[in-house]
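J.: Before we start, here is the structure in question, set down as C-alpha cells.
Please treat every number below as a calculation from the coordinates, not as lab data. Please read all numbers here as calculations on a predicted model, not as lab measurements. Counting neighbours? That spans all protein chains shown, and the Cβs are built from the backbone with ideal geometry, glycine included.
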Amino acid sequence: MARRVLLGIFALLLVAAPAAGDVGSHKRQVDAKIDRLHEKIASAHAREGVLSSQISAMTAKIRGLEGQVGSATSRLTTLQRDLDLHQRKLGKLTQLFRVETRRLEFLKAQYRGAVARLNKRLVAIYESDDPDAISVILSASSITDLVDQLEYLRQVRTQDDRITSEVASAKAQVTDARERTRRIRHGVAVETNAIASRTNEARLVRDRLVSSRNELASARSNERTTLASIKENERAYLDEANGLAAVSARLGAQIAAAQRSSAGAGSTGTGTPSAAGLIWPVSGPVTSPFGMRWGRMHEGIDIGVPYGTPIHAAAAGRVIYAGWMDGYGNLVFIDHGGGISTGYAHQSSIAVSNGQTVSQGQVIGYVGCTGHCFGPHLHFEVRVNGTPVDPLGYL
C-alpha cells in the first residue's frame, strides 16, 4: 500500500511542473508524514526495548522459579517416600495389634475356662467329704494303691495350679505386648500425620510455584508475540519512511529549482551569504546539534532561549514560507539566494509574511514551543539547494 502511494506521488510530480508554492506545500505534507513515521518508529523502538527488558526479566524469573520448582519437587519426593514408608509401617503395626488383640481374647477365654474348671473342682471337693489322708489310707487295698491315690491327688492339684498360672502368665504377656504395640502404633501414627501435613504443604508450595511459572511463561509468550508484531510494524514504518524520504529529497530539489528561478527573476537581498556569513538568530547555547537524534536525522540545531525572545533574520532575503507546518509548528523560511535558505521553527508568533523581503537582523518572529517541542527554544536550519546542512558551518 505504501509503495502504491509513493508511486502515485512520483507520477504526479513527474506529470506536473508545480510552482514553488505548490512544491513547498507538497514537501511540507511529505515531511510532516515523515515526521509522524519517525515518531512511530521511535515509539516502536522504545516499546521494543521495554518489551525486550520485560521478556528478559520474565525469563530470569522463570529460571528462578524452575529452580525453586525443582527443589520443591525434590523435597516433595523425599517427604512422599517417607510418608509411604510410615504408612506401610503403621499398616503392619495395625495388623500386629489386631493379631495380638485376637490372641488376648483367646487367652482370656482360656483363662476363664481354667478358672471355671478349678472352681467347679473346688465346689465338688467342698460339697463332698474331705478325702483326708486317713480316709485314703483306710480305703487303700495295698501300699501301692495308697501311693498311687496320693500321687494322683497331688498331680491333679499341681496340674490345675500350673494350667491356671500358665494361662494367667500368657495373658499378662500378651497384654503387655499389645500395650507396647499400641504405644508404638500411636507414635508412628503421630509421625505419619506430621509427615502427611508437611507433604501436603510441600505439594501446595510446588503447585503454587508451577502455577506462577506457567503464568509467567504465558505472559512472556504474549510479550514475545507483541514484540514480533512491533518489529514488523517498525519494519513497515521504516520502509514507508525511506520511500517518503526519497520523495522529500525530490521535492527539496524542486524547491531549489524554484529558488534558482526566483533568483533569475531578480535579486532577493544584498548578496548571497557565504560560509560564516550568517549571524546568530538568537543568542543562547546549542542544546541539540545537527545530526542523528532518536533514530532520525535532526536537520538543524536547537538554541535554548526563553519564551518570547525576538528572532532575527540570519541574512537578508525573501520569505518563501511563513505559517504552520506539522512538526515545526510556526515556521519561517527565508531564501537568501545562491541556493541558501534558512528556517526558524517552533515560534510563538510570526512577524513576517510570505513574499516579504527582510534585512539581516530584522525581527521575523518570537521564540515559543509550537509543533513537536519539549520546551521553548529555536530550531534553526540552513539548507543548500533544499538539502539540510550543519548551521554551525555558516554562523
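J.: If a paramagnetic tag sat 7 Å from the Cα of Arg180 along the Cα-Cβ line, which residues of segment 73-113 would have the backbone N under 15 Å from that point?
T.: Under 15 Å, as judged by backbone N against the label point of Arg180, lie 93, 96-97, 100-101 of segment 73-113.
J.: For Ile55, Ile364, what ranking results if the residue with the fewest other Cβ atoms within 10 Å of its Cβ goes first? Walk me through the intermediate numbers first.
T.: Working: Ile55 17, Ile364 23.
By the 10 Å Cβ count, ascending: Ile55, Ile364.
J.: Another question, if that's okay. Which residues' amide hydrogens lie under 5 Å from the amide hydrogen of Leu331, considering only partners 5 or more residues apart or on another chain, with H built in the peptide plane?
T.: Sorted by chain and number, the residues that satisfy this are Gly323, Trp324, Met325.
J.: Something else now. Using a Förster distance of 51 angstrom, determine the FRET efficiency expected from the C-beta separation of Ser53 and Ala194, and round it to 0.05. Don't skip to the answer; put the middle values down first.
T.: Numbers: r = 45 Å, r/R0 = 0.89.
Efficiency at R0 = 51 Å is approximately 0.65.
J.: Beta carbons within 10 angstrom, averaged per residue: use that to sort the peptides 342-352, 371-381, 183-193, highest first. Walk me through the numbers before you get to the answer.
T.: Working: 342-352: 21.2, 371-381: 18.7, 183-193: 14.5.
The packing order, highest mean first, is 342-352, 371-381, 183-193.
J.: Once the principal axes of the Cα atoms of segment 269-395 are found, what is the range along each, listed largest first in whole angstroms?
T.: 36, 27, 25
J.: Could you tell me the calculated FRET efficiency between Glu232 and Thr78, based on Cβ-Cβ distance and R0 = 45 angstrom, to the nearest 0.05? It would help to have the intermediate numbers written out before the result.
T.: Values: r = 49 Å, r/R0 = 1.09.
My answer for the efficiency is 0.40.
J.: Can you give me the long-range amide H partners of His298? Hydrogens built in the peptide plane at 1.01 Å from N, cutoff under 5 Å, separation of 5 or more residues or another chain.
T.: HN-HN under 5 Å from His298: Gly291, Met292, Arg293.
J.: Which FRET efficiency value, to the nearest 0.05, is calculated for Asn385 and Ser349 with the Förster distance at 45 angstrom and r the Cβ-Cβ distance?
T.: Numbers: r = 30 Å, r/R0 = 0.66.
Taking R0 as 45 Å, the efficiency between Asn385 and Ser349 is 0.90.
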